Amino acid sequence: MTQYTQLSNKNPSGTILGQSSADKVGFFGKTAITLHSLPASLAATASSALQIAATNKIRNLLKDLGLGVV
């Protein structure tokens, strides 16, 4: 039987991964990275180019964390 390590201690407040923005986190064997800033909220009137740039930044961040499609 496979053994797993649980991150949760069943605290009703939840579980936090990383105590500060300086803590590094990685998933699926990817190199851990610190918190990155994401684009500010985009208004519905934002240009297509701005929306594409914001989407690509989010996609690249997820990929760097090991959570995006490779």
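The values are calculated or read from the model by the stated rules, or taken from the named source; none is laboratory data. As the structure is a prediction and not an experimental result, all values here were calculated from the model. Glycine gets a Cβ as well: all are built from the backbone with ideal geometry, and neighbour counts include every protein chain shown.
Summary of computed values
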{"item": "Residue selected from segment 4-38 under the condition among the β-branched types (Val, Ile, Thr), under 16 Å from Gly68 (Cα atoms) and touching a Lys or Arg at 6+ places or on another chain (Cβ under 9 Å), by the criterion surrounded by the fewest Cβ atoms within 10 Å (Cβ to Cβ)", "result": "Thr31"}
{"item": "Among (1) at pLDDT 80 or above; (2) under 28 Å from Thr5 (Cα atoms) - the single one Ala54 does not satisfy", "result": "(2)"}
{"item": "Residue among Ser41, Ser48 that is hydroxyl-bearing (Ser, Thr, Tyr), at pLDDT 80 or above and surrounded by fewer than 12 Cβ atoms within 10 Å (Cβ to Cβ)", "result": "Ser48"}
{"item": "From Asn9, Asn60, residue being modelled with pLDDT of 80 or more, out of contact with any strand residue (DSSP E or B) (no Cβ under 6 Å at 6 or more places or on another chain) and in a loop (DSSP other than H, G, I, E, B)", "result": "Asn9"}
{"item": "Cβ pairs under 7 Å, 6+ apart, first in segment 10-39 and of a type in the set (Lys, Arg), second part of a loop (DSSP other than H, G, I, E, B) and at pLDDT 80 or above", "result": "Lys24/Ala32; Lys24/Thr34; Lys30/Gly66"}
